[in-house]
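Trainee: Quick one: this structure, given as structure tokens, is what I'll be asking you about.
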Amino acid sequence: MNDGESSKPTTAHDPGHSQRVAGCLLGGAVGDALGAPIEFMRLSEIRERFGPQGLREYAKAYGRLGAITDDTQMTLFTAEGLLRAVCQGELKGRCDPAYAVYSAYLRWLKTQGYDSESESFSFATEPLERPEHEAVVPNGWLQHVNELHARRGPGNTCLGSLRSRVSGRLGQEPINDSKGCGGVMRAAPAGIVAESVEHAFQLGCETSVITHGHPTGWLTGGALAVIVRVLLDGRSLLGAVNDALFMLATDARSAECREALAAAVSLAGRGRPTAEKLTTLGEGWVAEEALAIGVYAALAAGTFSEGVLLAVNHSGDSDSTGSIAGNILGAALGQGAIPARWLEQLELRDVIATIAADLVTGFEETDAWWKRYPGC
Ligand SMILES: [Mg+2]
């Protein structure tokens, strides 16, 4: 685990480790929430509704401003699974993080209304009762957050893979041929808990392959985790992308992903960013396009807000590309770079900030910690 800010002094230009981790998760959620209302709109429709600059502030989605979607929900469960793997490892012996994250995704599946016992669809339209405060929470606390029990456009591949009760694993027969962006959009926490760039790549790939069997569907998760890992060390985004390209080159199946990343870097070097330029990278429904759009927006923008707005104003998967750009920009710039008005209206801000703080802590040898993260 990372050891917080103790090893690295914070300067005016360095937000420090814990602020970067919080920025990564909250930034991703803000990008997700900005993209949510325009996920299924063409760029022309977005401009017609919001003006020639496109969407500039939160607009209502799922009945509110600042609504998060499946991208943020699953990112939180990725983090929970990884924290539980660490806790198990410290207290009870090694736990395979891939198994822990798979178990976490099954808990997310439950929040989406799929009963793990009967396999039947049983989505509750009313929020579940919150357990008594301080009560021993069965199977961790995250799945008992009422507001997570909401369907926010979950991807068919994620739902279908998890409902099959077969987890994709690296080195085994792929469970499908999907390279939808549902694998990469939730991988950022793998970069936060990783002990090295190589470890980040491994964890990111393992996390994504659980549901997405096409190599591009999970190599992109490894690449995003590497980018986050390197940014948390205070290095440049260009350096982070180069490290991701280096790690990708260790796998012969990575050409598609490397080409998409290289196109993003090249485009960012070609002057003022525009939605039209961004569109040449694709629409983001597939993983390599979503990662490339997120990287381009982060590289080409001068600020957090400019980057996430660039990442969502296009005809494609706006919440996922906003989420990835927000993860990257937040890790690069820290939580302080996110406009306060967006944080204030962000759904589940406290839950997201709590998970971020727990990722910074990593592990505590207390009963309370075990109850929060009770192993695999
Ligand atoms: Mg979504």
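Trainee: May I ask you to list the residues in segment 281-312 that are outside any helix (DSSP H, G or I) and either aliphatic (A, V, I, L, M) or within 16 Å of the ligand (Cβ to nearest atom) (or both)?
Mentor: Scanning segment 281-312 gives Leu281, Glu283, Gly284, Trp285, Val286, Ala301.
Trainee: For segment 314-346, name all the residues that are outside any helix (DSSP H, G or I), in contact (Cβ under 8 Å) with a residue 60 or more places away in the chain and within 16 Å of the ligand (Cβ to nearest atom).
Mentor: Residues satisfying the conditions are His314, Ser315, Asp317, Leu346.
Trainee: Let me ask something additional. Where in segment 1-117 are the helices (runs of 4 or more DSSP H), entirely inside, with at least 2 residues that are at pLDDT below 95 and hydroxyl-bearing (Ser, Thr, Tyr)?
Mentor: Helices (runs of 4 or more DSSP H) meeting the threshold: 97-111.
Trainee: A follow-up question, please. From the list Leu91, Leu83, exactly one residue is touching a residue at least 24 places away in the same chain (Cβ under 8 Å) and open to solvent by 60 Å² or more (accessible area, probe 1.4 Å). Which is it?
Mentor: Checking each option against the conditions leaves just Leu91.
Trainee: While we're here: Please go through segment 162-207 and pick out each residue that is within 16 Å of the ligand (Cβ to nearest atom) and over 13 Å from Val226 (Cβ atoms).
Mentor: Leu162, Ser178, Gly180, Cys181, Gly182, Gly183, Met185, Arg186
Trainee: Could you tell me whether segment 242-263 includes any residue that is touching a residue at least 24 places away in the same chain (Cβ under 8 Å), within 19 Å of the chain's Cα centre (by Cα) and open to solvent by 50 Å² or more (accessible area, probe 1.4 Å)?
Mentor: Looking through segment 242-263, none of the residues is touching a residue at least 24 places away in the same chain (Cβ under 8 Å), within 19 Å of the chain's Cα centre (by Cα) and open to solvent by 50 Å² or more (accessible area, probe 1.4 Å).
Trainee: Name the single residue, out of those in segment 140-176 being at positive phi and surrounded by 13 or more Cβ atoms within 10 Å (Cβ to Cβ), that is modelled with the lowest pLDDT.
Mentor: Gly140
Trainee: Is it true that Gly191 is open to solvent by less than 30 Å² (accessible area, probe 1.4 Å), under 24 Å from Ala255 (Cβ atoms) and part of a helix (DSSP H, G or I)?
Mentor: yes
The values are calculated or read from the model by the stated rules, or taken from the named source; none is laboratory data. Worth saying up front: this structure is predicted, and the values here are computed from it rather than measured. We place every Cβ from the backbone using ideal geometry, glycine too, and count neighbours over all the protein chains shown. For accessibility, only protein heavy atoms count, side chains too; no ligands or nucleic acids. Shrake-Rupley method; radii C 1.70, N 1.55, O 1.52, S 1.80 Å.
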